Amino acid sequence: MTGEHYDIEGLAVPRDMEQLHDLLERASTEHPHIPASDVMMFETAVMELANNVVEHGRPVGQVAWRFSLEVSADSLTARLADSGEEYAGWDAAASHDMPGEMAESGRGLPLASAVLDELDYQRDGASNVWTMVRRWQA
Amino acid sequence: MTEWQTDVSDGVAVIVCPARVSMAVAASFRDAIAAAVAQAPKVVVDLGPTAFIDSSGLGALVSGLKTCRQAGGDLRIAGAGEQVRTVLRLTNLDRILRPQDTVEDARRDW
């Protein structure tokens, strides 16, 4: 079965973000056609974007998010929307730049970019919206 | 709160990681490495149980590596699975944290 949607929501705190692991695991179990390595890398990207919302969401502790996932025959598409103030850190051109090896931060978005076919940020009304796509050979 | 199991023997501290080394536990991971270094500056991080690591966990590993080296030791990683190895490679961290297959391999010649 493809074309199925999953939706969950929560607050931008680390505990609530853990639900995303469970959702992706459920989607993977229910759709065995998705290659395990693609789920794994997609999950990596999703959690980096989720962390980004926790880390940069303002006001702290009051940002709500909604995550939707769509499974197709050859791709996973996720949309992560949050109610926080506009995210100022997005630079599509620089999103692939991996920091130096001894850096202790700054790898989140470059890592997400590296494992996704598409990563996009839009400010939509009062929401920040991240769109993530990973495709495979069906 | 994640409990970090640390065993020290023959001058090497081994820290066993949980299933997910993510933002929720990154701060306590840093603390666990610092506590281990205080006992032995040669630290092996056992990622055998870890199915998932994120960039916060990677940051804690780099921080731990620096802490160990400042104390005259080093940090090695062991038992990394597919996700951890892929993420290390994509972030170029496999250049400074070369994954060893087992804790025994990591302890060898140390």
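The values are calculated or read from the model by the stated rules, or taken from the named source; none is laboratory data. Remember, it's a predicted structure, so these values are computed and weren't measured experimentally. We place every Cβ from the backbone using ideal geometry, glycine too, and count neighbours over all the protein chains shown.
Testing A:D117 on (1) at pLDDT 95 or above; (2) buried (at least 18 other Cβ atoms within 10 Å of the Cβ), one condition comes back false. Which one is that?
All conditions pass for A:D117, except number (2).
Of the residues B:F29, B:F52, which is closer than 18 Å to B:V103 by Cβ, out of contact with any Pro (no Cβ under 6 Å at 6 or more places or on another chain) and surrounded by 19 or more Cβ atoms within 10 Å (Cβ to Cβ)?
B:F29
What helices (runs of 4 or more DSSP H) lie completely within segment B:1-96 and have 1 or more residues being farther than 22 Å from A:E48 by Cβ and of a type in the set (K, R)?
Ranges flagged: B:55-70.
Which of the following residues is hydroxyl-bearing (S, T, Y), in contact with an Asp or Glu (Cβ under 8 Å, 6 or more places away or on another chain) and at negative phi: B:S63, B:S28?
B:S63
If we keep just the residues of segment A:50-71 that are at negative phi and more than 17 Å from the chain's Cα centre (by Cα), which is surrounded by the fewest Cβ atoms within 10 Å (Cβ to Cβ)?
A:P59
Looking for something modelled with pLDDT under 95, closer than 26 Å to A:W136 by Cα, of a type in the set (D, E, K, R) and assigned to a strand (DSSP E or B) - is there at least one such residue anywhere in segment A:2-10?
Yes, because at least one residue in segment A:2-10 is modelled with pLDDT under 95, closer than 26 Å to A:W136 by Cα, of a type in the set (D, E, K, R) and assigned to a strand (DSSP E or B).
When only residues in segment B:57-102 that are over 25 Å from A:T44 (Cα atoms) and surrounded by 19 or more Cβ atoms within 10 Å (Cβ to Cβ) count, which is farthest from the other protein chains (Cβ to nearest Cβ)?
B:G73
What are the residue pairs meeting all of these: first residue in segment A:92-121, first residue facing chain B (nearest Cβ under 8 Å), second residue small (G, A, S) and assigned to a loop (DSSP other than H, G, I, E, B), Cβ atoms under 7 Å, and 6 or more apart or on different chains?
From residues that are facing chain B (nearest Cβ under 8 Å), the pairs are A:P110/A:S95.
If only one of A:T77, A:T131 is modelled with pLDDT of 95 or more, part of a strand (DSSP E or B) and farther than 17 Å from A:M40 by Cα, which one is it?
A:T131
Restricting segment A:19-34 to residues that are of a type outside the set (G, A, S), crowded, with 17+ Cβ neighbours inside 10 Å and assigned to a helix (DSSP H, G or I), which is farthest from the other protein chains (Cβ to nearest Cβ)?
A:L23
Return the residues of segment A:93-125 that are at negative phi, over 15 Å from the mean Cα position of the chain (by Cα) and not in a strand (DSSP E or B); say none if nothing qualifies.
Across segment A:93-125, the qualifying residues are A:A93, A:A94, A:H96, A:D97, A:M98, A:P99, A:G100, A:E101, A:M102, A:A103, A:E104, A:S105.
Out of everything in segment B:32-45 that is crowded, with 21+ Cβ neighbours inside 10 Å and more than 14 Å from every other protein chain (Cβ to nearest Cβ), what residue ends up being nearest to B:A106 (Cα to Cα)?
It comes out as B:V44.
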